[in-house]
Each structure stands twice: as C-alpha cells, then as structure tokens.
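> The structure follows.
The values are calculated or read from the model by the stated rules, or taken from the named source; none is laboratory data. All figures in this text were calculated on a predicted structure; none of them were measured in a lab. Because the Cβ atoms are built from the backbone with ideal geometry, glycine has one as well, and the counts that use them run over all protein chains shown. Accessible surface is based on the protein model in full, side chains and every heavy atom, while ligands, DNA and RNA are left aside. Shrake-Rupley method; radii C 1.70, N 1.55, O 1.52, S 1.80 Å.
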Amino acid sequence: MRCQLICFLLLSFFHSQAIEKVVLWGQVRDTDGRPIEQAVVSIPNTPLGSVTDSEGNYRLPLTPGQHHIAASSLGYAPFQMDINLQASRQLNITLKADNVELESIDIQAKGKSQQMRETVFAINTLDIKPQANTQNNLANIIGRTNGINIRSEGGMGSDYDLSINGLSGNAIRYFVDGLPLESMGSGTNLSNLPLNLIDRVEIYKGVVPINLGSDALGGAVNLITKKQTNNYLDLSYSHGSFNTHRAELNGQYNLGKNSIILRPSLGINHSDNNYTMHDVEVWNPTAKEFQNQSVKRFHDAYTSRMGRLEVGVANRWWTDAFFISGNLSLVNKELQTGSRQSVVYGQAHRRNESLAISGTYRKKDLFTKNLDANLAYSHTWDHKTVVDTTFRKYSWDGSYINSSRNETTGRAKSLRHTRRPLNTLSIGVSYQWLEKNNLALNYSLNSLHNRQTDEKDAEFVPSNDRFDKHITGLSYNREWLGKKLNHLLFVKHYASHLSVEQKELEWITGAKELEGSTTTSHWGGGTGLRYHLAEYLAFKTSVEKSVRLPLAYEVLGNGTPIYPNYLLKPESSLNVNLGLSGILQWKPGQRFNYEINGFIRQVKDYIRRKVSESDGMSQYQNVNDVTIKGVESEMRYQVGKTLDLTANISYLHEVNKTRFQDNGKPEITYNNRLPNRPWLYANASINHHHNNPFNISNSRLTLGYELRYVHWFYLSWEGYGALASKSTIPTQWVSNLTANYSWQDERYNLSLNCDNLFDQIVYDKYKLQKPGRAFYIKFRLFINSI
C-alpha cells in the first residue's frame with residue numbers, strides 16, 4: 001500500500017511537471033508611457049510573480065487557464081484583471097500615479113532619472129518626453145543642464161563644442177545605447193538625431209562607468225533610445241525661420257506570435273541658414289573703403305537625412321534583447337566661413353555619406369543566476385568629400401575676386417575624399433552576489449582606417465592610415481548600511497596604435513618625425529563614494545586618474561579646416577569631484593531638488609584647438625599643464641503638475657600652469673585663463689502647465705520661458721598684447737519662449753517657439769555669430785498601441 005501511494009505521488013508529480021507552460025509577458029509603464037522599474041506582477045495568494053527590469057519588462061510563466069493578474073508599485077494605484085490564458089501572449093499594463101498623504105509626507109515613486117542621480121556617479125539625467133513637442137534639438141536641451149555648456153559655430157548643421165565641468169570638445173564622448181555615436185557616421189550628431197527617437201539622456205561628469213568603454217577625460221553623454229514593448233507611431237513636422245524644416249518618424253511594430261519587433265526611425269533636417277550677420281566688413285565701391293554692414297549669409301545651407309531600422313526579439317529564454325540595426329546617413333553642408341568669420345567662402349562644400357550595421361545582445365542570468373552579459377558590435381562605412389575647386393576670394397556681400405588659391409586651404413583645387421571604415425566592439429559581463437556586491441569587466445575596441453585621395457590636387461599623395469584603441473575596465477561596487485552607503489572601485493587600461501602613410505605638409509603635421517607608427521599604453525583608475533544620510537541630504541565624492549586618447553580627426557585632421565597633428569599626445573588628468581544633493585518636501589505636492597558640485601581637474605598634455613589668424617585653418621596641439629577648478633549648482637522647484645522652475649549656474653577657473661616653454665624660456669601665458677572659453681554662465685526656466693484649458697477634456701497647455709546668461713571672456717591669451725585693446729566676446733543674455741498644446745491624451749500636439757526673443761547679437765566659438773530672432777511651429781502626432 002505504501003509503495004502504491006509513493007508511485008501515485010510520483011506519477012502525480014511528473015504529470016504536473018509535464019503540463020505545458022505558457023508565458024505572460026509585457027511592459028509595466030505609467031500614464032505617460034514611461035517604463036516602471038521594480039513593479040511587481042503576480043498571481044495573488046500564490047508564489048507566482050515577476051519583478052520588472054529597468055525597462056519595465058516582466059515575464060511570468062503560468063499554466064494554461066483562468067488567472068487573476070495583479071500589478072503594483074510604490075506610488076501607483078494597484079492594477080487587477082482576470083485573464084483566460086491558453087497560449088503565450090503579451091499584456092502591457094499601465095499604472096496610474098497615486099500620491100498618498102501620510103502625516104504630511106508625500107509618497108512618490110522614483111523615476112529612472114532620480115534613480116540614476118542616486119548612484120556614485122556625478123550625473124545629470126534628462127527625460128526627453130517633455131521636450132518631444134518642442135523645436136529644440138538634443139544639443140540645445142543638453143546645453144541648458146547643470147554644469148554643461150554647448151557652443152556652436154552657427155546655425156543648423158554647424159560644428160559645436162560641449163563642455164562638462166570645464167573639459168570640452170573631444171574630452172567628452174558620445175554614445176547611443178552604449179555604442180559610440182560615431183558608429184552611426186561622421187555626419188550624425190546631437191543636432192540632427194531625431195528627438196522622438198530618444199527616451200532619456202545620461203550625462204556623466206568626471207567618472208564614466210566602465211560599461212561605456214570610454215577614454216573620456218571630462219565625461220560622457222549616453223543617449224538611451226525608446227524601448228517600449230507596445231506598438232506606437234510618432235510623427236512630427238516643423239517649419240520656421242531661415243527656411244528651416246524638420247521631419248521625424250519613430251515607431252515600433254510587434255509582429256505578434258513570433259515576437260519579432262521592428263523599430264523604424266527617420267529624420268530629415270534642412271535650413272538655408274540665411275540669417276543676418278551684423279557689423280561685418282564689406283567693400284563700399286563709392287567710398288572706396290571697407291565698411292561695417294549687416295548682410296545675410298549666402299552659402300550656408302544644410303541638409304541631413306537619416307534612416308534607421310532595428311529588427312530583433314525580446315524576452316526570449318536565450319536573450320532579454322537581441323537586435324540588428326541598419327543606419328543610413330546623408331549630409332550636405334555648404335561652407336560659409338573658416339574658423340573665423342573674417343574668412344568667407346562662397347563655393348566650397350562638404351558631403352558625408354555613412355552606412356552602419358550593428359548588433360546588440362543582452363542577457364541577465366546568463367548560464368547562472370546574477371551573471372549578466374552585454375555584447376555590441378558595429379561596422380560603419382563612412383565617406384566624406386570636401387569640394388573646393390574654385391579660385392575665388394569672397395566678401396560678405398557675395399561679391400568675389402578671382403585668385404590663384406582655393407578657398408579653404410589657400411592651395412591647389414581640391415576634391416578630397418576621406419573614407420573612414422570603423423569597427424567598434426564592446427563586451428561586458430557583471431556578476432552580483434549577496435545582493436550587495438557587484439563585479440564588472442568590460443572591453444572595447446575602436447578601429448578606424450583613414451583612406452584619403454584627391455581627384456583634383458595632383459600633388460596630393462594618397463594614404464591609408466589606421467588608428468586603433470583598446471580600453472579594458474574592471475570595477476567593484478558594494479552597498480553598505482542598508483544601501484545608504486555605496487562604494488565603487490575601478491581600474492582601466494588604455495592602449496592605442498597609430499600607423500600613418502600620409503606625408504603631406506610634414507612640416508606642419510609632424511609626419512616626418514612619426515616614423516610610420518607609434519603605440520601607447522596607459523593605466524588609470526579611481527574610486528567613488530555616495531552616502532545617503534536622509535532624503536534631504538546625500539554626499540558624493542570621486543577621485544580618478546583618467547586618460548584620453550586623441551580622436552581620429554584630432555590626429556588625422558578632417559580635410560578642412562583642421563590640419564593633422566601626428567605627434568599629438570594623449571591627455572591625462574587627475575579628477576576630483578565633491579557634491580551634495582537632496583530633496584525637500586514641506587507641503588504635499590511641492591518638491592524642491594538641489595545639487596551642488598565642486599571639482600578640480602589637473603590636466604597634463606591638454607589638447608587644445610589652435611586657430612590661425614591668417615587663413616582660418618586650425619590644428620589640435622598639446623598644452624603641457626592646465627588646472628581647472630569650478631563649482632556648479634542647480635535647483636528645481638515643482639508645484640504639483642502645474643508649475644516647475646529650474647535654475648543653474650557654473651563658475652570655472654581654467655588656467656595654464658606651464659611655467660616654461662620647451663626651449664627653457666618663461667611661458668608668457670603662465671597663470672592665464674584659457675582663451676576663448678566662457679567661465680561664468682547660467683540658465684533659468686519656468687514652465688506653467690494648464691490641464692484641460694478652454695474646458696476641453698484630456699488636453700494640456702504649457703507655457704515656458706528660458707533665459708541664458710554668458711559672462712564676457714577674452715578671445716585670445718591675456719598675456720599677449722595690451723588688455724585694453726584685446727578682443728572679447730561680450731556678455732550675452734538670450735531669452736526663448738515656448739507654447740505647447742496637446743489634446744486627446746497627447747495624441748495631437750502643437751508647439752510654437754520663439755528663440756532669441758530680443759534679437760540679440762549672439763557670439764560663440766571664435767566670435768562666430770549665431771542666428772538672431774527665429775520663430776518655429778511644430779505639429780506632432782503620437783499614436784500609442786497601434
């Protein structure tokens with residue numbers, strides 16, 4: 001009898017195990033479509049349940065049949081429903097905010113941006129969704145955040161320089177979902193990426209996590225694209241001053257049972273950039289002299305087209321996400337000036353054509369629990385053409401005289417082709433044990449070829465150069481005292497190999513001294529600490545020895561207006577950061593965030609772009625010793641969902657600490673501020689939100705005002721010439737207005753923008769004028785769950 005009972009129990013057990021499982025999967029998000037991390041999806045009164053990941057995804061194996069589903073998360077009203085589950089299917093869950101007042105304490109769930117701020121890294125996080133209806137591009141949005149400064153050389157499509165805590169330009173690295181932005185092609189940048197492609201932006205100031213595989217000296221910008229599981233379509237079109245047009249498409253379509261996901265994106269940008277230039281020299285034939293006049297730019301049109309398609313699967317047993325993507329980018333840019341606006345072009349132009357293929361793989365609990373892996377690879381075919389085949393010298397009124405030199409370099413006619421195939425690889429693994437310890441290892445490869453030919457210049461010698469970078473990082477992270485204390489240790493190794501065939505202008509580029517190739521090897525590392533005393537006070541500090549290997553175009557040039565410098569050395573820096581932050585809530589619905597950061601950067605072999613006064617050409621060179629000190633602060637105040645105010649200010653003290661030149665003579669610029677660098681700037685904004693205006697339900701009106709302040713600064717070194725006669729970039733105040741109206745739960749959106757409201761003359765890099773007052777209108781259609 002006992003044997004029969006045992007056999008019966010065993011048969012019952014194996015029969016129960018033989019019942020085929022089905023999977024309920026999907027995404028938990030809030031009413032704004034943002035994913036909710038750490039939400040619980042479960043079957044009440046059973047041990048069956050799942051917790052959502054950082055993208056709000058859950059996966060719940062169940063037996064076929066009738067089930068009661070529940071979902072909950074702190075700060076949201078609970079969700080329940082009955083479901084008859086006979087086959088695997090997707091169920092996306094939307095949770096509504098539910099702020100609960102308990103003894104005057106407003107309990108709210110923390111969004112992804114706030115969670116990122118609570119790591120050991122000094123970081124700004126930006127939610128792009130509130131900006132999706134505006135005319136702004138990513139560069140403008142990022143440039144208004146705490147400690148960040150973006151300087152552009154003109155209107156749409158112009159080169160720009162982003163500064164984080166004083167270190168700028170190429171000391172900053174850019175990524176899209178962890179892959180280098182350059183893998184999408186040399187013509188792709190923050191100003192022409194479709195805004196509705198991006199979910200949020202992570203800006204690291206100083207220490208950069210090893211998973212980005214970066215040799216950034218000053219920080220990094222990581223763009224996180226949308227990864228919703230539901231189908232949607234996002235369309236927008238805008239038109240404005242200077243014949244500016246923007247059209248964007250982004251969407252997702254899930255093919256159903258086979259769970260193949262398609263994510264198409266499209267972005268088209270065009271502007272004539274024919275804004276007015278004030279007080280520029282134009283020849284007056286009547287007076288027979290040059291006079292300062294106001295004229296319009298006549299050769300600065302810009303057009304970019306970008307198409308992207310991702311195809312992949314998510315939430316499979318063998319992968320959390322596996323996607324293959326293709327990206328095509330086409331850019332046409334007329335060249336109006338060199339690095340200084342006194343040098344005018346009228347025929348020279350540039351074309352960029354790029355095709356990129358990439359693949360990404362991500363899996364949690366690979367082979368064993370708590371072992372996570374990320375793998376990414378991309379190959380980019382990049383072709384840039386600089387056309388300079390006219391022997392003319394132009395003036396700002398469009399007139400010209402014939403000459404014996406081309407426009408950009410002052411040499412022979414040139415039709416220069418630069419082909420730069422690029423391979424990038426990133427491999428990262430991390431392991432967590434005892435829920436408090438995390439060990440991570442990451443390796444990244446960036447391999448670029450530089451093949452140059454010229455159809456017109458018979459004296460140009462074709463070349464095939466190569467520049468490889470290998471970066472390996474190891475980090476250990478531990479939480480203490482119930483997650484109040486977070487500690488990070490890391491070490492990095494940087495290696496590079498440069499091989500050069502090009503010998504053109506060797507007295508300028510240093511090609512003769514290079515002797516064919518060179519290899520470098522450097523170590524770096526550091527530590528970070530965050531202590532969360534209370535909600536109103538948290539302390540952060542980090543120390544890092546960082547190395548930045550030069551970028552390809554710093555070493556190899558870009559055709560125009562940058563000469564190569566094959567002898568350029570890597571930068572190294574000792575970075576120290578110290579910060580305080582907190583959240584205060586003295587009344588229900590009112591929230592005050594503050595953040596104060598101080599930093600010191602001691603940089604050796606600082607890489608700086610030097611501009612020639614005579615021809616507007618430039619070259620990157622090393623400055624032996626530079627010290628950067630500064631402080632930044634940001635405050636954010638919110639009153640429910642009706643009013644938010646933000647203000648930030650940054651102060652920098654960037655000085656040359658090189659006492660002696662290479663020849664032993666005293667350096668005249670010792671203790672001088674670095675020239676052409678803003679050292680005091682601030683931003684402020686106020687937005688007022690009206691729900692259901694004009695008695696129209698499910699609608700929203702937002703009125704906004706932005707103010708930008710930049711203190712005056714010297715254009716060249718203080719130590720040269722008399723200070724009273726030195727050229728300066730004047731103090732600037734710039735105001736912008738926005739009005740956004742949405743209806744039918746943000747399905748339809750209309751935006752009006754006025755930039756530079758008071759039509760100020762705005763200067764930036766090397767005193768290059770930017771556009772004056774401009775007006776834009778934008779319409780956006782967002783269809784959710786198509």
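> Quick one: what are the phi-derived ³J(HN,Hα) couplings along the range 237-247, Karplus 6.51/-1.76/1.60 with θ = phi - 60°, whole Hz, x for glycine and proline?
Each residue of the range 237-247 in turn: 8, 9, 9, x, 4, 6, 6, 9, 9, 9, 10 Hz.
> How large, in percent, is the carbon and sulfur part of the accessible surface of the chain at a probe radius of 1.4 Å?
Values: 20440 of 35570 Å².
On the chain, the fraction of accessible area on carbon and sulfur atoms equals 57 percent.
> Please list Val734, Val626 from largest to smallest accessible area, probe radius 1.4 Å, with all protein chains kept in place. Spell out each step's value before the answer.
On the way: Val734 25, Val626 0 Å².
Largest accessible area first, the residues go Val734, Val626.
> Can you give me the relative contact order of the range 210-257 as a percent, contacts being Cα pairs under 8 Å and 6 or more apart?
Details: 37 pairs, mean separation 14.9, N = 48.
Reported as a whole number, the value is 31 percent.
> Follow-up question, since we're still on this one. Under a Cβ-only charge scheme (Lys and Arg +1, Asp and Glu -1), can you give me the dipole magnitude of the range 567-676 about the Cα centre, in debye to the nearest 20? Before the final figure, lay out the partial values.
Numbers: 15 positive and 12 negative charges, 52 e Å.
With only Lys, Arg, Asp and Glu charged at Cβ, the dipole is about 240 debye.
> Quick one: which of Lys227/Lys587; Lys726/Lys770; Lys205/Lys369 span more than 25 angstrom between C-alpha atoms?
On the way: Lys227/Lys587 35 Å; Lys726/Lys770 22 Å; Lys205/Lys369 32 Å.
Lys227/Lys587; Lys205/Lys369, as the Cα separations exceed 25 Å there.
> How much area per residue is accessible in the chain when the probe is 1.4 Å and only protein heavy atoms are counted (Å²)?
45
> Once you have the Cα-Cα distance between Asn284 and Asn663, take 0.36 nm times their residue separation minus that, and quote the gain in nm to one decimal. Write down the numbers at each step before the final one.
Working: separation 379, 0.36 × 379 = 136.44 nm, distance 4.70 nm.
Stretched fully, the Asn284-Asn663 segment lengthens by 131.7 nm.
> Let me ask something else about it. If I model a spin label at Leu781 and Ile686 as a point 7 Å from the Cα along the Cα→Cβ vector, what separation in nanometres do I get?
3.7
> Using the Cα centre of the chain as origin and beta-carbon charges of +1 (Lys, Arg) and -1 (Asp, Glu), tell me which of Tyr394, Asn230, Ala647 is placed farthest towards the positive end of the dipole.
Of the options given, the answer is Asn230.
> So, by mean Cβ neighbours within 10 angstrom, what's the order for 702-709, 210-217, 323-330 with the highest one leading?
210-217, 323-330, 702-709
> Once R0 is set to 56 Å, what does the formula 1/(1 + (r/R0)^6) return for the Cβ-Cβ distance between Lys483 and Asn243, expressed as a FRET efficiency to the nearest 0.05? Walk me through the intermediate numbers first.
Details: r = 54 Å, r/R0 = 0.96.
That gives a FRET efficiency of 0.55.
> State the label only: which of (1) 101, 63, 61; (2) 115, 65, 49; (3) 116, 58, 54 corresponds to Cα extents along the principal axes in Å computed from the shown model?
(2)
> Please work out how much length the chain gains when fully extended from Lys587 to Ala97, using 0.36 nm per residue of separation minus the C-alpha to C-alpha distance, in nm with one decimal. Before the final figure, lay out the partial values.
Working: separation 490, 0.36 × 490 = 176.40 nm, distance 1.80 nm.
Here the answer is 174.6 nm.
> Please sort 132-144, 738-750, 29-41 by packing, taking for each peptide the average over its residues of neighbouring beta carbons within 10 angstrom, highest first. Each step should come with its number before you reach the end.
Details: 132-144: 21.7, 738-750: 17.2, 29-41: 18.8.
Sorting 132-144, 738-750, 29-41 by mean packing, highest first, produces 132-144, 29-41, 738-750.
> Which shape class, rounded, prolate or oblate, goes with the range 194-243 when its Cα gyration tensor gives a ≥ b ≥ c as root eigenvalues, a/c under 1.5 marks rounded, and past that a/b bigger than b/c marks prolate? If you can, show how the numbers build up before the last one.
Details: a/c = 4.54, a/b = 1.58, b/c = 2.88.
Oblate, because a/c is 1.5 or more while a/b does not exceed b/c.
> Please give the helix 2-18 orientation as an angle from the longest Cα principal axis of the chain, in degrees from 0 to 90, rounded to the nearest 10.
Taking the Cα atoms of the chain, the angle to 2-18 is about 30 degrees.
> Hey, another quick one. Can you pull the one-decimal nm distance between simple spin-label points at Val23 and Met81, each 7 Å off the Cα toward Cβ?
Calculated label separation equals 2.0 nm.
> Also, quick follow-up: Using helices alone, I'd like the mean residue ellipticity at 222 nm for the chain: each DSSP H run of four-plus residues gives -39500 (n - 2.57), total over residue count, nearest 500. It would help to have the intermediate numbers written out before the result.
Details: 6 runs with 41 residues, N = 786.
After summing the helix terms and dividing by the residues of the chain, the value is -1500 deg cm²/dmol.
> Separate question: Counting Lys and Arg as +1 and Asp and Glu as -1, each charge on the Cβ, what is the dipole of the chain about the Cα centre in debye, to the nearest 20?
Details: 85 positive and 73 negative charges, 114 e Å.
For this selection, approximately 540 debye.
> How big is the charge dipole of the range 216-283 about its Cα centre, in debye rounded to the nearest 20, if each Lys and Arg gets +1 on its Cβ and each Asp and Glu gets -1 on its Cβ?
On the way: 5 positive and 5 negative charges, 145 e Å.
Once rounded to the nearest 20, the dipole reads 700 debye.
> Going toward the positive end of the dipole of the chain, with +1 on Lys and Arg Cβ and -1 on Asp and Glu Cβ, which of Ser521, Tyr709, Asn698 do you reach last?
Looking along the dipole axis, the top candidate is Ser521.
> Further, regarding this structure: Using 0.36 nm per residue of separation minus the Cα-Cα distance, give me the extension gain between Leu233 and Ile401 in nm, one decimal.
On the way: separation 168, 0.36 × 168 = 60.48 nm, distance 5.23 nm.
Here the segment from Leu233 to Ile401 would lengthen by 55.3 nm.
> 7 Å from Cα along Cα→Cβ at both Tyr531 and Phe694: what's the point-to-point distance in nm?
5.6
> When a/c is below 1.5 the answer is rounded, else prolate if a/b is larger than b/c, else oblate, so apply that to the range 166-214 with a ≥ b ≥ c taken from the square roots of the Cα gyration tensor eigenvalues. It would help to have the intermediate numbers written out before the result.
Details: a/c = 1.58, a/b = 1.41, b/c = 1.12.
It is prolate, given that a/c is not under 1.5 and a/b is the larger ratio.
> Can I ask one more? Of the options Asn687, Tyr253, Leu181, report the single residue whose Cα projects farthest towards the positive end of the charge dipole of the chain (beta-carbon charges: Lys, Arg +1; Asp, Glu -1).
Checked the options; the winner is Tyr253.
> For Arg773, project a label point 7 Å along Cα to C-beta. Then give me every residue of the range 272-293 with its amide nitrogen under 17 Å of that point.
Of the residues in the range 272-293, 275-278 have backbone N under 17 Å from the label point off Arg773.
> I've got another one for you. Considering only DSSP beta bridges with both partners in the chain, what is the antiparallel share in %, to the nearest 5?
In the chain, DSSP labels about 95 percent of beta bridges as antiparallel.
> Given a Förster radius of 45 Å and the C-beta distance between Arg316 and Thr518 as r, what FRET efficiency does 1/(1 + (r/R0)^6) yield to the nearest 0.05?
Working: r = 45 Å, r/R0 = 1.01.
Taking R0 as 45 Å, the efficiency between Arg316 and Thr518 is 0.50.
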